[in-house]
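Read through the structure below, which is laid out as structure tokens, and then see the notes.
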Amino acid sequence: MPLLLKEVDPEVDFPSLARCVLEAYEEPLQSFIYLFFAPMHGSNARSREVAIDEAAERLKLWHTSDPTSFWQKVVDTDTGRIVGGAAWNIYMSNPFVEPHAVEVSWYPDDGSRAYVEKALESYARPRYMAAQRAHVYLFNVFAHPDYRRKGIGQQVMDWGMKKADDLGLELFLDATPLGKPLYKKNGLVCIEENVTGLERKHAGEGDNDKWNEMVVAIGSFSFCLMTLPIGGKCRDT
Ligand SMILES: CC(C)(COP(=O)(O)OP(=O)(O)OC[C@H]1O[C@@H](n2cnc3c(N)ncnc32)[C@H](O)[C@@H]1OP(=O)(O)O)[C@@H](O)C(=O)NCCC(=O)NCCS
């Protein structure tokens with residue numbers, strides 16, 4: 001199964017990419033992925049398909065309206081199936097000059113949306129603090145569970161580290177526990193561990209029940225802000 005890394009075709013690839021992202025983060029389950037796919041309360045197959053369709057449209061829009069965005073797909077050339085990929089941002093200047101809160105339009109306007117906004121703010125905070133300058137950012141890398149440990153992640157890292165080196169920029173990413181071994185192998189170092197665990201609110205008041213449903217569905221999650229300094233590898237600590 002030769003696995004080929006290519007730039008995406010935004011007109012056709014996002015439905016397959018969105019499905020592959022979701023399947024990658026569900027095995028093993030990393031429930032923060034439901035911050036990006038909604039509503040996903042597990043049992044209803046139809047709502048899952050609706051959520052994948054919505055995410056595909058939104059990811060396409062985010063990509064096509066953002067000149068810093070670069071998406072890749074990994075194709076199993078025996079079958080033509082998309083089995084992995086990545087999303088990068090290449091920032092040639094400080095992306096945080098203007099405040100930029102994400103509008104969480106994919107959740108209803110109730111406590112669930114408020115929860116997702118707060119959780120995404122917490123997730124983004126370390127990079128906001130540490131990367132106020134031009135840099136290359138790996139927003140997402142994913143390999144379908146059937147295609148793990150076959151070099152998809154490494155192909156993506158090879159591309160991104162070369163890009164950062166060619167541009168003379170630092171590389172940043174927010175690592176999941178599952179992604180960390182790949183990044184450590186490539187010489188990235190951890191700057192900050194970031195655990196998000198939002199508290200329940202008083203039941204029965206306003207939108208609090210919807211907020212509390214999200215607290216239960218997502219639980220706490222952790223990322224590690226990692227970097228590769230300009231010029232390549234540095235020693236792991
Ligand atoms: C993280 C992920 C993308 C890695 O993709 P992959 O294609 O399986 O990784 P590779 O085959 O390229 O691995 C390259 C090297 O990274 C390290 N590595 C990757 N996954 C590892 C794991 N689960 N445990 C230990 N080391 C691992 C190994 O050193 C590996 O080399 P080796 O197989 O020769 O030992 C994949 O596990 C995934 O999609 N996880 C779910 C989504 C996710 O958490 N993404 C990370 C977002 S920050």
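Any read-out appearing in this document is the output of simple, stated calculations on the displayed coordinates, not a laboratory observation. These numbers were taken from a predicted model, which means no experiment stands behind them. No Cβ is skipped: glycine too gets one built from the backbone with ideal geometry, and neighbour counts run over all protein chains shown.
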On a 0 to 90° scale, report how tilted helix 45-64 is relative to the longest principal axis of the chain, with both axes built from alpha carbons and the result rounded to the nearest 10.
50 degrees
Give me the one-decimal nm value for the distance between modelled label points at L61 and A203, 7 Å along each residue's Cα-to-Cβ direction.
3.6 nm
Expressed in nanometres to one decimal, the distance between label points 7 Å along Cα→Cβ at E121 and V50 is 2.8 nm
What number, in percent, do you get for the relative contact order of region 3-228 if the mean sequence gap of Cα pairs under 8 Å and at least 6 apart is divided by its residue count?
22 percent
Any idea what angle helix 208-218 forms with the longest principal axis of the chain, computed on alpha-carbon atoms, 0 to 90 degrees, nearest 10?
40 degrees
Convex hull over the alpha-carbon atoms of region 49-150: what's its volume per residue in Å³?
150 Å³
Using a cut-off of 24 Å between alpha-carbon atoms, which lysines can reach K73, once sequence neighbours fewer than 8 places away in the same chain are excluded?
K6, K60, K150, K162, K163, K180, K184, K185
Burial-style ranking of 25-37, 81-93, average other-beta-carbon count within 10 Å with highest first, yields 81-93, 25-37
Using alpha-carbon positions, what is the distance between the centroids of region 34-108 and region 151-205, in Å?
16 Å
